[in-house]
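Step one of this worksheet: look at the structure below.
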């Protein structure tokens with residue numbers, strides 16, 4: 001599912017084209033570049049919605065939005081790495097998993 | 001958990017619209033699912049709180065609830081998919097940042113091995129500037145045949161880009177030095193442009209093969225024919241053999257997408273027999289006669305009419 005600028009404004013409802021362009025320029029949203037303007041996918045649209053909610057109900061001031069997005073992107077980056085690491089450990093033979101588990105426990109309990 | 005919207009928001013039955021909004025915003029800041037990725041119970045609570053808020057902020061619904069005509073769940077908001085659902089299932093991780101663990105590289109061999117790989121996928125600060133990521137949607141035929149294209153970037157600058165013939169979705173083009181400027185004397189980063197190939201109305205692609213459906217008439221299917229068929233780089237001719245069926249595939253060797261080593265994939269032409277708009281009396285009479293002697297059952301495994 002892909003959306004043009006105008007379609008994003010229509011589905012998200014809470015945003016003007018000018019605002020959307022400002023957010024893209026600021027790098028908050030990174031749509032693909034299409035032959036006749038930016039092209040948004042569902043992830044981009046969900047992110048536009050998220051920024052709307054941050055600015056609206058969550059009352060995050062304009063200047064603080066990049067900070068919140070940066071932290072969220074870090075959390076998502078970490079979640080992704082954690083999931084991959086967990087899968088990598090799961091794919092190991094039983095004795096390796098047990099060794100990883102034991103070392104992990106001793107590190108966490110200090 | 002209580003389903004009473006007043007209790008959920010922690011306000012009294014006589015709370016003003018303003019008090020309700022304030023209470024909701026305070027809870028939203030704490031509970032918003034995108035600020036608590038991975039926490040299901042917080043998400044459930046947020047859903048209830050949102051539903052309570054939308055019920056109580058609608059004067060008519062609130063009055064109906066107060067009169068006991070509807071219960072607290074009466075104003076279920078439609079299921080919203082939060083950003084994190086998309087972010088978690090995005091294989092490219094294009095918004096993900098590695099800033100939260102970039103310094104692990106020095107602390108652990110395994111992390112430097114694992115995360116050092118990502119010079120293609122992730123931007124990182126060193127002396128050189130950060131890479132900038134773009135995604136570009138290209139037309140199906142431009143991707144097959146190659147094209148030159150000028151990108152207008154969000155910051156107003158432009159980049160001239162050569163799309164190599166045979167590009168696929170996910171192909172990443174690296175433009176050296178077109179990223180962010182370096183720190184100090186460091187060189188600029190690169191611009192990484194990920195291509196997405198737009199679908200085409202007629203053609204589709206499997207690996208290096210191009211697939212096109214070719215409608216043929218009843219007489220062409222029975223008698224065979226030489227027919228022109230659209231190809232990715234111009235029109236092609238195919239010979240439809242006598243007695244062709246829908247689903248038969250004609251392979252035009254070397255007429256597919258370039259593989260990058262000078263060779264090409266094939267174009268596969270999938271036949272589709274289309275009946276005439278009207279079955280005239282002559283055809284009908286002929287078929288009636290024909291089937292007396294030649295009836296066959298294509299649903300049997302042998303299937304043929306030999």
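Looking at the stretch B:143-154, which of the residues that are surrounded by 14 or more Cβ atoms within 10 Å (Cβ to Cβ) and at the interface with chain A (Cβ under 9 Å from one of its Cβ atoms) is nearest to residue B:201 (Cα to Cα)? Among residues in the stretch B:143-154 that are surrounded by 14 or more Cβ atoms within 10 Å (Cβ to Cβ) and at the interface with chain A (Cβ under 9 Å from one of its Cβ atoms), the one nearest to residue B:201 (Cα to Cα) is B:149. Given the structure, is residue A:42 facing chain B (nearest Cβ under 8 Å) and within 15 Å of residue B:95 (Cβ to Cβ)? It is true that residue A:42 is facing chain B (nearest Cβ under 8 Å) and within 15 Å of residue B:95 (Cβ to Cβ). From the list A:58, A:78, A:72, which residue is within 9 Å of chain B (Cβ to nearest Cβ) and not in a helix (DSSP H, G or I)? Going through A:58, A:78, A:72 in turn, just one is within 9 Å of chain B (Cβ to nearest Cβ) and not in a helix (DSSP H, G or I): A:58. For the stretch B:279-296, a tally of residues being loosely packed, with under 10 Cβ neighbours inside 10 Å and within 28 Å of residue B:250 (Cα to Cα) returns 2.
This table checks each residue for (1) free of Cβ contacts under 8 Å to residues at least 40 places away in the same chain; (2) within 12 Å of another protein chain (Cβ to nearest Cβ); (3) in a strand (DSSP E or B); (4) under 19 Å from residue A:40 (Cβ atoms).
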site	(1), (2), (3), (4)
B:156	yes, yes, no, no
B:161	yes, yes, yes, no
B:167	yes, no, no, no
B:178	no, no, no, no
B:188	no, no, no, no
B:193	no, yes, yes, yes
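The helices (runs of 4 or more DSSP H) found entirely in the stretch B:1-72 that carry 3 or more residues being away from chain A (no Cβ under 14 Å) and either touching a residue at least 24 places away in the same chain (Cβ under 8 Å) or over 26 Å from residue A:52 (Cβ atoms) (or both) are B:5-9, B:40-56, B:59-66. One residue stands out in the stretch A:10-26 among those that are free of Cβ contacts under 8 Å to residues at least 12 places away in the same chain and over 22 Å from residue B:85 (Cβ atoms): the one that is farthest from the other protein chains (Cβ to nearest Cβ), namely A:16. Only one entry in B:97, B:73, B:92 is modelled with pLDDT of 60 or more and in contact with a strand residue (DSSP E or B) (Cβ under 8 Å, 6 or more places away or on another chain), namely B:92.
Of B:247, B:265, B:260, all but one fail to be within 28 Å of the chain's Cα centre (by Cα) and in contact (Cβ under 8 Å) with a residue 60 or more places away in the chain; the exception is B:260.
No other residue among B:291, B:268, B:253 is over 22 Å from residue B:229 (Cβ atoms) and modelled with pLDDT of 90 or more apart from B:291. All of B:126, B:176 fail the test of being at pLDDT below 70 and more than 30 Å from residue B:42 (Cα to Cα), apart from B:126.
The values are calculated or read from the model by the stated rules, or taken from the named source; none is laboratory data. Since the structure is predicted, the reported quantities are computational estimates derived from the model, not experimental observations. Heads up, the Cβs are rebuilt from the backbone with ideal geometry, glycines too, and the neighbour counts pull from every protein chain shown.
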